[in-house]
Amino acid sequence: MTDQEILAKIAEKFPAVVESKPAAGTLPAYSLTVEAPAASIAEVCAWLKSGGLKFDYLASLSGVDLKDKLQVVYHLYSLEMKHKLVLKVNLDRAVPELPSVSSVWQAANWHEREAYDMFGIKFTGHPYLERILTAEGFEGYPLLKDFIAKPDQYD
């Protein structure tokens with residue numbers, strides 16, 4: 001299936017999901033990039049997995065701080081059909097929240113916890129959204145561009 005065929009199927013089902021330019025330096029293997037609204041991300045992901053496109057493998061889920069907004073980036077792969085997709089969701093920096101996709105791909109569980117711990121992105125409906133990398137009692141989110149570490153924070 002070509003990128004344009006994949007895009008057409010997605011657009012038919014979810015008109016609000018739009019094609020996006022790949023980030024500079026993106027590997028050619030992930031040539032198709034789309035953006036989806038935060039409110040419908042769980043529905044979009046569930047359909048991408050079981051609605052004919054068979055994106056059954058979540059390769060990664062990452063948070064990104066773009067200064068004016070936060071973004072969650074999903075790298076998806078179909079083991080059976082051998083196609084790839086980058087799915088992006090833009091979030092309001094003041095209220096970075098979107099539905100969890102851990103019920104769609106179990107691998108999202110730890111990825112979402114990491115994005116929460118590093119960027120403060122809250123994944124509603126996540127079964128155990130707790131910090132995963134920073135120490136207990138850590139204040140702030142260390143991968144935000146405006147994060148300032150306190151000298152005694154690691155004592």
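Selection of region 115-155 for residues being on the phi < 0 side of the Ramachandran plot and in contact (Cβ under 8 Å) with a residue 40 or more places away in the chain yields ALA115, MET118, PHE119, ILE121, LEU143, LEU144, LYS145. For region 53-69, filtering for residues that are farther than 17 Å from TRP110 by Cα and in contact (Cβ under 8 Å) with a residue 60 or more places away in the chain leaves 2. Where residues in region 142-154 are surrounded by 13 or more Cβ atoms within 10 Å (Cβ to Cβ) and more than 23 Å from ALA39 (Cα to Cα), which of them is modelled with the lowest pLDDT? Among them, the one singled out is GLN153.
Tell me, which residue of region 1-33 that is of a type in the set (Val, Ile, Thr) and not in a helix (DSSP H, G or I) is modelled with the lowest pLDDT? Here the residue is THR26. Filtering region 88-112 to residues that are touching an Asp or Glu at 6+ places or on another chain (Cβ under 8 Å) and closer than 21 Å to LYS69 by Cβ leaves LYS88, VAL89, ASN90, LEU91, ARG93, SER100, VAL101.
Could we say that SER100 is touching a strand residue (DSSP E or B) at 6+ places or on another chain (Cβ under 9 Å), buried (at least 17 other Cβ atoms within 10 Å of the Cβ) and under 30 Å from GLY140 (Cα atoms) here? Considered against the rule, which asks whether it is touching a strand residue (DSSP E or B) at 6+ places or on another chain (Cβ under 9 Å), buried (at least 17 other Cβ atoms within 10 Å of the Cβ) and under 30 Å from GLY140 (Cα atoms), SER100 comes out as yes. Please specify each residue of region 52-80 satisfying the condition of being among the aliphatic types (A, V, I, L, M) and out of contact with any Asp or Glu (no Cβ under 9 Å at 6 or more places or on another chain). Selection gives LEU53, LEU58, ALA59, VAL64, LEU66, VAL73. For region 18-33, state whether one or more residues are within 14 Å of the chain's Cα centre (by Cα), hydrophobic (A, V, I, L, M, F, W, C) and more than 21 Å from PHE147 (Cβ to Cβ). Looking for residues that are within 14 Å of the chain's Cα centre (by Cα), hydrophobic (A, V, I, L, M, F, W, C) and more than 21 Å from PHE147 (Cβ to Cβ), one finds none in region 18-33, hence no.
Scanning region 121-150 for residues that are touching a Pro at 6+ places or on another chain (Cβ under 6 Å) and either small (Gly, Ala, Ser) or more than 19 Å from TRP105 (Cβ to Cβ) (or both) gives a single hit, GLY125.
The values are calculated or read from the model by the stated rules, or taken from the named source; none is laboratory data. Keep in mind that what you see is a predicted model, and the values were worked out from it rather than measured. Using ideal geometry, Cβ is built from the backbone for each residue, glycine included, and neighbour counts are taken over all protein chains shown.
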